[in-house]
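Okay, structure first, notes after.
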Amino acid sequence: MKVAILGTGNIGTDLLIKVLRSPWLECRLFAGRNLSSPGMMKADQLGVPVSSKSIQGIAERHADFDLVFDATSAEDHRRHAKIFSELGLLAVDLTPAKIGKMCVPAVNLEECLREENVNMVSCGGQASIPIAHAIATANKDIEYVETVSSIAARSAGPATRINLDEYLCTTEQGIAAFSHCANTKAILNLNPAQPCVHMQTTVLAKIKSPDLEKTRVAVAAIVLKIQEYVPGYQLIVPPMIENNRLAVMVRVEGRGDYLPKYAGNLDIINCAAIAIAEAHAKKKAAQPTAANRIASSHEKPTHHRH
């Protein structure tokens, strides 16, 4: 599938490296605002077509691709979404804009393939929502779910910091939607420690009568599904009861494509975005082309003498 990337910051550039490695995707355009930015220069060195016209560059060359990754900001995506729809482009939104259907590949990949615009929630959402969903499948009467993510301060760029309010709100809504628990809270800690820490996310759930064994089985299964597209996702504290709350902790180590390995928070949302794009590509490849359907309909049946 031919794709474009809009946004040439850390997330967009790391996403570009992942697209170039994918056997299912081809990057036809890397669009931003500044041709002299590190991301633009990296793309140019790799032989990828670039544009400094941002969304206008996407519109001018939209016939060259089928899908756009939007790695700009929540405010920008609210404007971009309408343009993508008018151009007939699939949109994978890596901002916390909450316009498209929330997509967490380990949980709802198949149903998201029917959507024109999917939202990858947030890095904390990609790390915590599958765990919250697994807890919900194993337990009834969940009263409260809280997720606490700690990331290296150096991995939080300008766009991440600008979108912090949207990040927290979108993550909370995602946890509520996938765990069926209305009372949720998301917390993000930017840790300035040196050397930089890896992303760690803790999910806490208040449940009247938790089924610990069933929860452990459900969490272990979802972790294996996530590791299919996020190899650095690790369960470091299996489900346990702590202060009358069920607690689970995971760590995410990045692949080190463009960003350092400690930036697992950026890596996990990019890996999730690649997973949905590759699923679209595989679905498209499995569909017979119009030419093949016509040829098939004109084939004469073979008669055998007995």
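Among LYS206, LYS214, which is the only one that is of a type outside the set (Phe, Trp, Tyr), over 29 Å from THR72 (Cα atoms) and not in a strand (DSSP E or B)?
One residue alone meets the criteria, LYS214.
So LYS82 clears everything in (1) assigned to a loop (DSSP other than H, G, I, E, B); (2) assigned by TED's automatic domain parsing to the domain that holds ALA273; (3) at negative phi except one condition, right? Which one? Unmet condition: (1). Being hydrophobic (A, V, I, L, M, F, W, C), over 25 Å from ASP165 (Cα atoms) and either in a loop (DSSP other than H, G, I, E, B) or at pLDDT 95 or above (or both) holds for only one residue in ILE135, ILE129, and it is ILE135.
Every residue, every condition in (1) under 23 Å from ASP93 (Cα atoms); (2) assigned by TED's automatic domain parsing to the domain that holds ARG251; (3) in contact with a Pro (Cβ under 6 Å, 6 or more places away or on another chain), yes or no:
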{"residue": "LYS140", "(1), (2), (3)": "no, yes, no"}
{"residue": "GLU146", "(1), (2), (3)": "no, yes, no"}
{"residue": "GLU166", "(1), (2), (3)": "yes, yes, yes"}
{"residue": "HIS180", "(1), (2), (3)": "no, yes, no"}
{"residue": "PRO192", "(1), (2), (3)": "no, yes, no"}
{"residue": "MET199", "(1), (2), (3)": "yes, yes, no"}
{"residue": "LYS206", "(1), (2), (3)": "no, yes, no"}
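Taken over the range 3-42, the criterion of being farther than 21 Å from MET120 by Cβ and in a helix (DSSP H, G or I) is satisfied by PRO38, MET40, MET41, LYS42.
Looking only at residues in the range 211-247 that are surrounded by 20 or more Cβ atoms within 10 Å (Cβ to Cβ) and touching a Lys or Arg at 6+ places or on another chain (Cβ under 9 Å), which one is nearest to GLU172 (Cα to Cα)? That would be LEU246.
The numbered conditions (1) assigned to a helix (DSSP H, G or I); (2) in contact with a Gly (Cβ under 9 Å, 6 or more places away or on another chain); (3) over 21 Å from THR13 (Cβ atoms) are all true for ALA106 except (2). Being in contact with a Ser or Thr (Cβ under 9 Å, 6 or more places away or on another chain) and polar (S, T, N, Q) is the filter; apply it to the range 103-126 and report the residue that is nearest to ASN265 (Cα to Cα). Here the answer is SER122. Residue count for the range 171-186 satisfying the condition of being free of Cβ contacts under 8 Å to residues at least 60 places away in the same chain and over 16 Å from ALA106 (Cα atoms): 8. Considering the range 111-126, the residues that are within 14 Å of the chain's Cα centre (by Cα) and part of a helix (DSSP H, G or I) include one that is surrounded by the fewest Cβ atoms within 10 Å (Cβ to Cβ), namely CYS112. Scanning the range 164-192 for residues that are surrounded by 20 or more Cβ atoms within 10 Å (Cβ to Cβ), of a type in the set (S, T, N, Q) and either touching a Ser or Thr at 6+ places or on another chain (Cβ under 6 Å) or not in a helix (DSSP H, G or I) (or both) gives THR170, THR171, THR184. The number of residues in the range 259-279 that are surrounded by fewer than 22 Cβ atoms within 10 Å (Cβ to Cβ), part of a helix (DSSP H, G or I) and not aliphatic (A, V, I, L, M) comes to 1. On inspection, LEU15 qualifies as buried (at least 17 other Cβ atoms within 10 Å of the Cβ), within 16 Å of the chain's Cα centre (by Cα) and either not polar (S, T, N, Q) or not assigned by TED's automatic domain parsing to the domain that holds PHE69 (or both).
Screening the range 64-75 for residues that are touching a strand residue (DSSP E or B) at 6+ places or on another chain (Cβ under 8 Å) and outside any loop (DSSP other than H, G, I, E, B) and picking the one that is surrounded by the fewest Cβ atoms within 10 Å (Cβ to Cβ) gives ASP64.
Kindly evaluate GLY47 against the criterion of being part of a helix (DSSP H, G or I) and more than 22 Å from the chain's Cα centre (by Cα). Criteria not met by GLY47.
Summed over the range 151-162, the residues that are crowded, with 19+ Cβ neighbours inside 10 Å and either at positive phi or not aliphatic (A, V, I, L, M) (or both) give a count of 2. Within the range 50-63, not a single residue is in contact (Cβ under 8 Å) with a residue 60 or more places away in the chain, in a loop (DSSP other than H, G, I, E, B), surrounded by fewer than 21 Cβ atoms within 10 Å (Cβ to Cβ) and of a type outside the set (Lys, Arg).
The values are calculated or read from the model by the stated rules, or taken from the named source; none is laboratory data. Everything numeric here is computed off the predicted structure, so don't read it as measured data. Ideal geometry is used to build each Cβ from the backbone, glycine not excepted, and the neighbour counts take in all protein chains shown.
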